[in-house]
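> Structure below; questions to follow.
Here, each number is a calculation from the coordinates, and none is a lab measurement. Small disclaimer: the values here were computed from a predicted structure and weren't measured. Cβ placement follows ideal geometry from the backbone for every residue including glycine, while neighbour counts extend to all protein chains displayed.
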Amino acid sequence: MRKASRVVAAVLLQLKSRVKPGVSTAELDSFAEKSVREMGAVPAFLGYRGYPATLCVSLNEEIVHGIPSPKRIIREGDIVSLDMGAVYEGFYGDAAVTVAAGGISGAARRLMDVTARSLELALGAVKAGARLGDVSHAVEKYALENGMSVVREFTGHGIGRHLHEEPSIPNFGKPGTGPVLKAGMTLAIEPMLCLGRAEVVVKNDGWTAVSADGSLAAHYEHTVAVTEEGCEILSVVANG
Ligand code: MF3
Ligand code: CO
């Protein structure tokens, strides 16, 4: 899982510098697939429940599961969520990041910063003996304090020999409730926040989930292992 997750982190890092006005989302996907395979891993999303690509690229009001297309061109001011999974020797890694294309609005920047920070706070709540609700609550509390809304239709998840395992990890919940975390559990934690309301609509392609009110959304995700003291973030580049 360290290897699978590091491949994901390395590819996302390389993709970040390729997110620029004029680039199509399909170009990012081709680059991602090639890079994953060069590193000896296999794309995890490609073919998953019929998903047609390596990468999910979700722009602006798209929350998650944007399908890459040669017709979809990134423009100045877009915020671009990149989500990818990889499999190595049967084990999965999964991570996501939201990137700015050129100059973005102050509100967009704040949404990205609050979402990224909510993930850090969630990771800070992970340790053996903590409850899953502590992790969920950390995201919700920080999001609401900062005037953002939390997407409820999609959650984080256990991860390991499958992309999605138990438990499901909502980005809202009550502290002191839910399963007790144990050292060695591996989790994909992934806050999805909106600037406006968090109601979701899935587009006609059957995948792309957008905010119903058209407000901007951001998404960050890490794969982590629970330890006695806290957690080890697996989806970072080696030595990073
Ligand atoms: N990244 C999503 C998750 O974290 C999964 C994408 S679904 C797929 O759960 F179909 F695109 F693979
Ligand atoms: Co995930």
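> Do you know which residues across the stretch 55-72 are in a loop (DSSP other than H, G, I, E, B) and either within 9 Å of ligand 1 (Cβ to nearest atom) or in contact with a His (Cβ under 8 Å, 6 or more places away or on another chain) (or both)?
Correct list: HIS65, ILE67.
> Sticking with this one: Can you confirm whether GLU120 is under 18 Å from the mean Cα position of the chain (by Cα), outside any loop (DSSP other than H, G, I, E, B), without any contact (Cβ under 8 Å) to a residue 12 or more places away in the chain and over 14 Å from HIS219 (Cβ atoms)?
yes
> Specify the residue that is farthest from ligand 2 (Cβ to nearest atom); the eligible residues are those in the stretch 15-60 that are of a type in the set (A, V, I, L, M) and farther than 14 Å from MET84 by Cβ.
So the residue we want is VAL23.
> So which of LYS34, LYS20, LYS3 ends up being surrounded by fewer than 22 Cβ atoms within 10 Å (Cβ to Cβ), among the basic types (Lys, Arg), in contact (Cβ under 8 Å) with a residue 60 or more places away in the chain and outside any loop (DSSP other than H, G, I, E, B)?
LYS3
> I would also like to ask the following. State the number of residues belonging to the stretch 6-15 that are surrounded by fewer than 20 Cβ atoms within 10 Å (Cβ to Cβ) and under 14 Å from the mean Cα position of the chain (by Cα).
Adding up the residues that qualify gives 1.
> Sticking with this one: Can you find a residue that is within 15 Å of ligand 1 (Cβ to nearest atom), buried (at least 18 other Cβ atoms within 10 Å of the Cβ) and in a strand (DSSP E or B) anywhere in the stretch 99-106?
no
> Let me ask something else. In the stretch 63-84, which residues are under 15 Å from THR115 (Cα atoms) and more than 16 Å from ligand 2 (Cβ to nearest atom)?
Hits for the stretch 63-84 are ILE79, VAL80.
> Which of the following residues is touching a helix residue (DSSP H, G or I) at 6+ places or on another chain (Cβ under 8 Å) and more than 24 Å from VAL8 (Cβ to Cβ): GLY196, GLY178?
On inspection, the qualifying residue turns out to be GLY178.
> Among what's in the stretch 123-133 and is surrounded by fewer than 21 Cβ atoms within 10 Å (Cβ to Cβ) and outside any loop (DSSP other than H, G, I, E, B), pick the residue that is farthest from the chain's Cα centre (by Cα).
ARG131
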